[in-house]
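Working notes, structure below.
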Amino acid sequence: VIFHNRDNVEWSEEQEASARSKVQENSSQLLPQDKQEEYEVNAKRYWDDFYKIHENGFFKDRHWLFTEFPELAPNRNPGQSGDSAPGRGNKEEPNKEGLGCCENGHCSLGARAENQLNLLKGTPEICTEEGTAQKATELSQSGGDYPGSSASYRILEVGCGAGNTVFPILQTNNDPGLFVYCCDFSTAAVDLVQNNADYDSSRCFAFVHDLCNDQSPFPMPDESLDVVILIFVLSAILPEKMQGIVTRLSRLLKPGGMILLRDYGRYDLAQLRFKKGQCLSDNFYVRGDGTRVYFFTQDELDDLFTTAGLEKVQNLVDRRLQVNRGKQMTMYRVWIQCKYCRP
């Protein structure tokens, strides 16, 4: 199969109008309220099921990260393969099936995010939320000696999945002061991270965390992080809960610390492929496996971050044209990438 990718493609008015009408059509029939509540209540189970089925075989590690987010590897190992060349070319790594199992929007976050992005380019310490809560209490009583407390550069990845961002960071960033935290809603996902041969508890701390529960503690104090990473994560959350989550995460940043986000943009191919009866609310859908996804505009994300007191460093739309010449398919992908800084 021959793949052709073009970056930063401008859309014609006709394309935009066509995309808008597809979305109007697929969102004309909303799921009944009781079904919507069921997807919210059982969200954790749907994600656990996904990771139990796919484990870590569904993803490729995200080495494109360091091209887009150099903040993650300020001290690169010399001779790291693959992503040190200038420009955008090296992160293109099309997979042969196009969207693969994401046809008709039926695939889960890990699947669709990795498939779509790749088209583009120790001993477990604590594993339960109860364990993290207990640890947090112990930390506050012991005067702030928390995991990574002696580190000079701290990164938190929210929604870490099987570790496909965490492990590339640990391998690529040779800063001896680096400490990486990672959390996920899914216990199965955190188990995969903690049981990975590359998991090093002296440099990394993985924990289960429910972002939607504002009583769920973090193992680190406020104003302790240099970077928070959100990659295809915010879109999986009920829209009315997004602001509270962004505000809470922003409090963890040191002054000068940054939130880095990459997520789905409005009228992405995945949105256009949903069928009637999969829409929950405006631009928010449920997939065949029970996981959910929202499609953002730049303004919506800017509003979330600035309301949380952060300042814009970057907020861009990445529109890509992907042509599968074997299947004679043309696909338009739309992602949004943001960097927002705590003043």
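Put a dot 7 Å past each Cα toward the Cβ at ALA17 and GLN215; how far apart are the dots in nm?
Rounded to a tenth, the inter-label distance reads 5.3 nm.
How much accessible area per residue does segment 225-343 have, in Å², with a 1.4 Å probe? Provide the component values of the computation, followed by the final result.
Numbers: 3930 Å² over 119 residues.
It amounts to 33 Å² per residue over segment 225-343.
How large is ³J(HN,Hα) for each residue in segment 300-308, as worked out from phi by the Karplus curve 6.51 cos²θ - 1.76 cosθ + 1.60 (θ = phi - 60°), to whole Hz, x for Gly and Pro?
Those phi angles translate into 4, 5, 4, 5, 4, 6, 6, 4, 7 Hz.
Say each of ASP198 and GLU37 gets a label point 7 Å from the Cα, pointing the same way as Cα to Cβ; how far apart are those two points in nm?
4.4
Tally Lys/Arg at +1 and Asp/Glu at -1 over every other residue whose Cβ is under 10 Å from the Cβ of GLU223; what's the total?
On the way: positive: ARG251, LYS254, ARG342; negative: ASP222.
Net local charge, GLU223 excluded: +2.
Once amide H atoms are built 1.01 Å from N in the peptide plane, which residues 5 or more positions from GLU157, or in another chain, come under 5 Å H to H?
Placed amide hydrogens put TYR181, CYS182, CYS183, ILE229 under 5 Å from GLU157.
Need one number: % antiparallel among DSSP beta bridges in segment 141-227, to the nearest 5. Numbers along the way, then the final one.
Working: 0 of 12 bridges.
Expressed as a percentage, antiparallel bridges in segment 141-227 total about 0.
What share of Cα pairs, in percent, lie more than 14 angstrom apart in segment 275-340? List each step's numbers first, then the result.
Values: 1494 of 2145 pairs.
Above the 14 Å cut-off, segment 275-340 has 70 percent of its Cα pairs.
Among 31-41, 168-178, 283-293, how do they line up from the highest to the lowest mean number of other beta-carbon atoms within 10 Å? Can you show the working numbers first?
On the way: 31-41: 12.2, 168-178: 17.4, 283-293: 20.6.
Descending mean neighbour count gives 283-293, 168-178, 31-41.
Can you tell me what the convex hull of the Cα atoms of segment 167-225 projects to on average, as an area in nm²? Write down the numbers at each step before the final one.
Numbers: hull surface 18.4 nm².
Result: 4.6 nm².
Within 10 Å, count the other beta carbons around each residue, average over each peptide in 184-193, 254-263, and list them highest first. If you can, show how the numbers build up before the last one.
Numbers: 184-193: 23.6, 254-263: 19.8.
Answer by packing, highest mean first, reads 184-193, 254-263.
Give me the distance between the Cα centres of segment 170-202 and segment 287-343, rounded to whole Å.
25
Per residue of segment 258-273, what does 6.51 cos²θ - 1.76 cosθ + 1.60 with θ = phi - 60° give for ³J(HN,Hα)? Whole Hz please, x for Gly and Pro, Karplus curve as stated.
So the Karplus estimates, Gly and Pro as x, are 10, 9, 10, 10, 9, 7, 6, x, 4, 6, 4, 3, 4, 6, 5, 7 Hz.
Please turn the phi angles of segment 154-170 into ³J(HN,Hα) values with the Karplus equation 6.51 cos²θ - 1.76 cosθ + 1.60 (θ = phi - 60°), one per residue in order, whole Hz, x for glycine and proline.
So the J values, rounded to whole Hz, are 10, 10, 10, 9, 9, x, 6, x, 7, x, 6, 9, 4, 5, x, 5, 4.
The values are calculated or read from the model by the stated rules, or taken from the named source; none is laboratory data. Computed from a predicted structure; not experimentally measured. When we count neighbours, we look across all protein chains shown, and the Cβ atoms used for this are built from the backbone with ideal geometry, even at glycine. Protein only, heavy atoms only, side chains kept; ligands, DNA and RNA dropped before computing areas. Shrake-Rupley method; radii C 1.70, N 1.55, O 1.52, S 1.80 Å.
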